[in-house]
Every structure is written in C-alpha cells, then in structure tokens.
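Inspection log for the structure reproduced underneath, given as structure tokens.
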Amino acid sequence: MPPTAAAAAAPPAPRSVPKTSTPIALTTQFDSSKTLFQASLGPDAPAAPLTPVSPAADGAAPAPPAAAPTPTAAAIAAAVAEATLRASRISDYTMRKSLGQGTFGKVRLGQHQQTHDLVAIKIIDKANIVTPKQRNSVQREVRLMKILQHPHIVRVHTVLEDAARIHMVMAYASRGELFDYIVQCGRIPEPEARRMFRQIVSAIDYCHRNSVIHRDLKPENVLLDDDLNVKIIDFGFGNTFHRERVLDTFCGSPFYAAPEMIRGVCYTGPEVDLWSMGVILFAMLCGHLPFDAPVMGDLYNCISKGQYTTPAHVSPGAADLIRRFLTVQPRERITMPQVLAHPWLS
C-alpha cells in the first residue's frame, strides 16, 4: 500500500518530535575468544581508514587522488596537536559538563590540558556491559567509528581503556542534537533543511559505499557543530553488509524503523537506513514524525502500512522525496543513487 502523501486540509494537531527510548531488541553473535577491546582492536594506534568516496552514481569511475599539498606552518601545528591528542591519557583531560546519557554510560565535555581543545568523551562503564550482545555492540561502535573518516561523521581521536571504563575521545559538536534544533525551530525552513540533509546523505552514501550500515539513524544521532554542519554519531547498531547476503538483526528505534524491521523480515542493509532518512527529513520539515501513536502496536501498524500525511507547507519536491523514502516495499524504495539525483537535492 503506497504512503498517503496528500496534504490534509485540517489534520489533527501532531505531537512534537518525541525522544526515542527503548530500541528494538538487538541480537548478535559473540566470539568468546575475544576480550573486550584492546585484544580485538590492538594497541591504540590509528586504524586504517576507509577510502573516502565522492557521492557519485554507482559504477562511476573514482576520481584520481589529489596530489599531497606542501605542509604549511598551520598544517604542521595541527599535526603536532593531533599527535599530542592521540598520545594522551584520560588524565590529560579536564572533565566539564555532561553532554548526554547513553545505554552503557555518559558523554562528558572534556578539555585537553595542553592544547585546550574541547572534545566529547563517551565514557562506557564496563560494569554496564554484561551480555555478549552488549559487548558486540560496543566493539562494533568502537571499530567502525575509528575507521570511518568523513566530514559529516563525528571524528574519533582516540580510544582509551582502563580496568573499569572505555573512553571514546571524539570531536565536539557544540550545537548539540538535530533533535533539539528541530524542537527549537518548530520546523526547519526548507532551504536550511536541504543543506543539512545533503550532508546526511553524503555521510550515509559514504558508509554504504564502504559496505557499512548505521541502522539507528534518528535526529538524536545527528549532531551539529558551530556552523550547523552535520556530524553523524552512534554506530552501536552499525555493521557491514554484502549485497548477496541478508541480515536478520532487528534493531534501531521504533519511530524510525523500516517496515521490514517491524515485521521481522530479513534485509540487505542500505534500504533500512534509507527509510530512516525519510523519517528524519519529514521531522526536519514538519516538526513532528510521520508515524506516531501512543500505543506501540498502533505505531507498528501505521509503519507497516506506510500511513502518513504530508502537511500542505511541504514543497512538492520535498514531498516526493519523502514519499519515495517511505515506500513500504524495500525493492520499490528509493536507492542512494536515486536520492543523489533527486531534483530536490540538486
């Protein structure tokens, strides 16, 4: 059944975008031969980054690598500062205010005592990681965030571990969550939403081209820096995928979950991220979610049927893109190359 995209003359007053809470159950395999982190990740050295790719159509020839620029004084200073940061211990940071609370710990603002750089430090308490599923989730997040290098994915400087905690030292995004920005604005004006959403598309296109899926895309996992540029975070449910292999892990946040997740149907990977991106775009432009109900069963029913209403103020181009994201049948849903070529983003 296609989504209901027609604007209603007088729709009921929607609730504002709700904070998501309980994720769908996570099921993974656990290799008991591995210890928590250092044994599987090796010493804290820079992981080999994935090759950056440009958002071109599938099959396009990759651009030739750019010549290495001559180092400037500023570049050398930045490299020295980065080396200092990577070699640091957690005691080299002064802990500031709390930035948020997660499943396994909290995020604090930190300041390096020598460089005075502000960073976000995700503090994961090992005592909270009690099951193999939880161990795998944290391991995956650390591994993926150390190798993903893209302007719109939050940068992980280093991962520090002691007997009780794991500290992920990340770039600080001073403007906080996209969720809070949507609440602050009521709804984001379309030109600004287009600019931000292009950045989300660029980051997820990069992930998909490197065979990585996020599986928990939502405004709470999109941060904004000083200039309101996007930084994707939280790859705890992330994983690698292969076009010829299906996945059967059903995870993420219910409001943003694709119908195949809700129904427990196996999937390839990218299609579930694309659905979630459509929900995010709708929330940015409308200030509320396309699928919302006080009872979880009713919410799942709406998602499974693709039942939503697009407000009249949304432009036809944006409404068309949302409709193509929120297509119930995965095989009929818009693909990333089609997203990149869509007129609303051009």
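Of the numbered criteria (1) in contact (Cβ under 8 Å) with a residue 24 or more places away in the chain; (2) over 25 Å from residue 184 (Cα atoms); (3) assigned to a loop (DSSP other than H, G, I, E, B); (4) among the β-branched types (Val, Ile, Thr), the one residue 265 fails is (1). Condition first: in a loop (DSSP other than H, G, I, E, B), surrounded by fewer than 23 Cβ atoms within 10 Å (Cβ to Cβ) and at pLDDT 95 or above. Can you find one or more residues in region 189-203 that meet it? Yes, region 189-203 contains at least one residue that is in a loop (DSSP other than H, G, I, E, B), surrounded by fewer than 23 Cβ atoms within 10 Å (Cβ to Cβ) and at pLDDT 95 or above. Residue 280 falls short on exactly one of the conditions (1) more than 20 Å from residue 346 (Cβ to Cβ); (2) hydrophobic (A, V, I, L, M, F, W, C); (3) buried (at least 17 other Cβ atoms within 10 Å of the Cβ); (4) in contact with a helix residue (DSSP H, G or I) (Cβ under 8 Å, 6 or more places away or on another chain), and that condition is (1). For region 294-323, the set of residues classified as in a helix (DSSP H, G or I) and either of a type in the set (A, V, I, L, M) or free of Cβ contacts under 8 Å to residues at least 24 places away in the same chain (or both) consists of 296, 297, 298, 299, 301, 302, 303, 316, 318, 319, 321, 322, listed by residue number. Just one of the listed residues (112, 167) is without any contact (Cβ under 8 Å) to a residue 40 or more places away in the chain and within 15 Å of residue 91 (Cα to Cα), namely 112.
So in region 102-130, with the set limited to residues that are of a type in the set (S, T, N, Q) and modelled with pLDDT under 90, which one is farthest from the chain's Cα centre (by Cα)? Working first, answer last.
Of region 102-130, the ones of a type in the set (S, T, N, Q) are 103, 111, 113-115, 128.
After this cut, where a residue has to be modelled with pLDDT under 90 as well, the list is 103, 128.
Details: 103: 16, 128: 23 Å.
Filtering region 102-130 for residues that are of a type in the set (S, T, N, Q) and modelled with pLDDT under 90, the one farthest from the chain's Cα centre (by Cα) comes out as 128.
So in region 258-267, with the set limited to residues that are in contact with an Asp or Glu (Cβ under 9 Å, 6 or more places away or on another chain) and buried (at least 17 other Cβ atoms within 10 Å of the Cβ), which one is farthest from residue 193 (Cα to Cα)? Only one residue fits best here, namely 267. Considering (1) out of contact with any Gly (no Cβ under 9 Å at 6 or more places or on another chain); (2) surrounded by fewer than 16 Cβ atoms within 10 Å (Cβ to Cβ); (3) under 25 Å from residue 280 (Cβ atoms), the lone condition that residue 106 does not fulfil carries the number (1). Being under 23 Å from residue 188 (Cα atoms), of a type in the set (Val, Ile, Thr) and out of contact with any helix residue (DSSP H, G or I) (no Cβ under 7 Å at 6 or more places or on another chain) is the filter here, so list the residues in region 288-326 that pass it. Once the filter is applied, which keeps residues that are under 23 Å from residue 188 (Cα atoms), of a type in the set (Val, Ile, Thr) and out of contact with any helix residue (DSSP H, G or I) (no Cβ under 7 Å at 6 or more places or on another chain), region 288-326 yields only 309.
Against the conditions (1) farther than 29 Å from residue 310 by Cβ; (2) surrounded by fewer than 17 Cβ atoms within 10 Å (Cβ to Cβ); (3) touching a residue at least 40 places away in the same chain (Cβ under 8 Å); (4) under 15 Å from the mean Cα position of the chain (by Cα), residue 240 satisfies every one except (3).
Please state which of the following conditions residue 98 fails to meet, knowing it meets all the rest: (1) part of a loop (DSSP other than H, G, I, E, B); (2) free of Cβ contacts under 8 Å to residues at least 60 places away in the same chain. Every condition holds for residue 98 apart from (1).
The values are calculated or read from the model by the stated rules, or taken from the named source; none is laboratory data. Predicted model, so just to flag it, every value in this text is computed and none were measured. So basically every Cβ, Gly included, is an ideal-geometry build from the backbone, and we count neighbours across all protein chains shown.
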